[in-house]
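Worksheet for the structure shown next.
The values are calculated or read from the model by the stated rules, or taken from the named source; none is laboratory data. Everything quoted here is computed from the prediction, not taken from an experiment. Heads up, the Cβs are rebuilt from the backbone with ideal geometry, glycines too, and the neighbour counts pull from every protein chain shown. With ligands, DNA and RNA removed, areas are computed over all heavy atoms of the protein, side chains included. Shrake-Rupley method; radii C 1.70, N 1.55, O 1.52, S 1.80 Å.
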Amino acid sequence: MNIPQELRYTKDHEWIKMIDDEHAYIGITDFAQSELGDIVFVDIATEGQTLEAETVFGTVEAVKTVSDLYLPVAGTVEEVNPVLNKQPELINSDPYGEGWMVKIKLSNAGDVNNLLDAEAYNKLVG
Amino acid sequence: MIKETPFIQKHLALGAKMAPFAGYTMPISYTGINDEHNAVRSNAGVFDVSHMGEFIIKGNGVLELIQSTTTNDASKLKKGEAQYSCFTNPDGGIIDDLIVYCIEENAVYMMVVNASNIEKDFAWLEQNNTYNTTLQNISEKTCLLAVQGPNATKILQPLTDIDIMNLKYYTFVKGNFAGVDNVLISATGYTGSGGVEIYFEDKENHADKIWDAIFAAGESHGIKPIGLGARDTLRLEMGYCLYGNDIDDTTTPLEAGLGWITKLNKNEDFTAKNILTEQKKEGIKRKLVGFEMIERGIPRSHYNIKDKEGNIIGHVTSGTQAPSLNKAIGLGYVNINHAALDSEIFIDIRNNPVKARVVKFPFR
């Protein structure tokens, strides 16, 4: 199971990667994509919205199942990965890279420190 | 306690994703549902479906017992023929759907039932067994491998003298397969891609022997193991009902589109025949239909179905992104006035009405 050291995680299997002090990419973990199986599309209609932590910012549909996506920290959804519309399978093949889902501006930059680190997340799924 | 099939070590060695299903730990997928689905549609795949239930019923009154508990007409079956059927409850609901195999006319039959219903079905047969017929539940010791796909019989043919390439749909033969005697090979399946189902007793390492022989014969053809995930997408593309989703104790065979296996004019009475006869006369009020999504979204079981005005007119019973068709499809019950082909319906996906259209089976 691939769990990069530099990211932070939630118990709902999202990851967050800080770009600078206040912006971050968010996606789902390798574990999550593997549990979901073949992903067929991502439905995110919250672009431009400011949301609290742990609110649903979208859903991901796999062949067999659908799963809600939770925002790890409070913030504003600034961008939805445009490539996923045509190639949702990137979430399966590259969950931490090309398969990122949204770019957000954090409401409070420090919130990310409250999330699980790689070691804690590894324990959760291990 | 969760049960395992005799193939559990094979699944684990192949790295299958396992999950509990009907009391068994079963392989859900090996390499991914789309990949497995496409393998069956274009080539051949092997399913371990040993969790399914098998009953042998024989002796005194056997045909009477079958005729009085099932909707199809088993008196038509000759030795070596099989028939899709259902058990109905006193309200006309479906206790289970099953296949009846005629092993010896008027003497020995096998019933193959859903894993989740084995106890319920067997109890129902016992309760209705006023004929002193012998009933045996052989589910625990019976292995079942489904080998499905356009190349399935060609791959298996070298393993047996039985002419499986020319076995007619819904017929079966017993014989030697891969060096094992008394194997029942049936031209049936749940995929719509052709192939056979192979029943045999779990003893003397026969399970390993047959599994290994099938994969050795199929290796150069690229045969693949297939999990229950792809089994579901394959059957759904064909519009085949899944018990517990599309049919259950509250749905009648007429509502479910199973009128073709409900022989209201057979001589014998069967459970709820009068109710179903009445329902047919009056006309059903709701119907199981297939639909495809016009707007983007994937229907899932229990989603509401609405009309244009937003009134609830039914609910989804099965849905998926169909791997062979590259679109989202589903089954669901709708009020009869919305059941006609091409009717426009709306699937309530997370409080958004998403447009869909009633279509024919199989989905295309």
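Numerical summary
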{"quantity": "Search result, residues across the range A:69-86 that are within 14 Å of chain B (Cβ to nearest Cβ) and of a type in the set (S, T, N, Q)", "calculated": "A:Asn85"}
{"quantity": "In the range B:25-41, the residues that are within 14 Å of chain A (Cβ to nearest Cβ) and part of a strand (DSSP E or B)", "calculated": "B:Met26, B:Pro27, B:Ile28, B:Ser29"}
{"quantity": "Residues within the range B:1-20 that are in contact with a Ser or Thr (Cβ under 8 Å, 6 or more places away or on another chain), under 18 Å from A:Lys64 (Cβ atoms) and open to solvent by 40 Å² or more (accessible area, probe 1.4 Å), tallied", "calculated": "2"}
{"quantity": "Residues of the range B:255-274 that turn out to be assigned to a helix (DSSP H, G or I) and either open to solvent by 60 Å² or more (accessible area, probe 1.4 Å) or out of contact with any strand residue (DSSP E or B) (no Cβ under 9 Å at 6 or more places or on another chain) (or both), as a count", "calculated": "3"}
{"quantity": "Residue count, the range A:55-76 (criterion: in a loop (DSSP other than H, G, I, E, B) and touching a residue at least 24 places away in the same chain (Cβ under 8 Å))", "calculated": "7"}
{"quantity": "Selected residue (only one of B:Thr252, B:Thr277 is part of a helix (DSSP H, G or I), open to solvent by less than 70 Å² (accessible area, probe 1.4 Å) and either of a type in the set (Ser, Thr, Tyr) or free of Cβ contacts under 8 Å to residues at least 60 places away in the same chain (or both))", "calculated": "B:Thr277"}
{"quantity": "Residue match in the range A:22-30 (condition: within 25 Å of B:Lys17 (Cα to Cα), touching a Ser or Thr at 6+ places or on another chain (Cβ under 9 Å) and within 14 Å of chain B (Cβ to nearest Cβ))", "calculated": "no"}
{"quantity": "Selected residue [closer than 15 Å to A:Ile91 by Cβ and either away from chain B (no Cβ under 12 Å) or touching a Pro at 6+ places or on another chain (Cβ under 7 Å) (or both)] from A:Val66, A:Val60, A:Val40", "calculated": "A:Val40"}
{"quantity": "Scope the range B:324-364; condition in contact (Cβ under 8 Å) with a residue 60 or more places away in the chain, out of contact with any Leu (no Cβ under 7 Å at 6 or more places or on another chain) and open to solvent by 30 Å² or more (accessible area, probe 1.4 Å); matching residues", "calculated": "B:Ser324, B:Leu325, B:Lys355, B:Arg357, B:Phe361, B:Pro362"}
{"quantity": "Qualifying residue in the range B:92-106 (condition: assigned to a helix (DSSP H, G or I), buried (at least 16 other Cβ atoms within 10 Å of the Cβ) and modelled with pLDDT of 95 or more)", "calculated": "no"}
{"quantity": "Failed item in (1) under 20 Å from B:Ala256 (Cβ atoms); (2) open to solvent by 30 Å² or more (accessible area, probe 1.4 Å), with B:Gly59 passing the rest", "calculated": "(1)"}
{"quantity": "Which listed residue, of B:Ala44, B:Ala22, B:Ala16, is within 14 Å of chain A (Cβ to nearest Cβ) and of a type outside the set (Phe, Trp, Tyr)", "calculated": "B:Ala16"}
{"quantity": "In the range A:85-110, residue surrounded by the fewest Cβ atoms within 10 Å (Cβ to Cβ) [restricted to those that are part of a helix (DSSP H, G or I) and modelled with pLDDT under 95]", "calculated": "A:Gly110"}
{"quantity": "Residues satisfying the stated conditions in the range B:234-280, i.e. in contact with an Asp or Glu (Cβ under 7 Å, 6 or more places away or on another chain) and of a type in the set (Lys, Arg)", "calculated": "B:Lys263, B:Lys266"}
{"quantity": "Among the candidates B:Leu236, B:Leu242, B:Leu167, residue that is at pLDDT 95 or above, within 14 Å of chain A (Cβ to nearest Cβ) and surrounded by fewer than 20 Cβ atoms within 10 Å (Cβ to Cβ)", "calculated": "B:Leu242"}
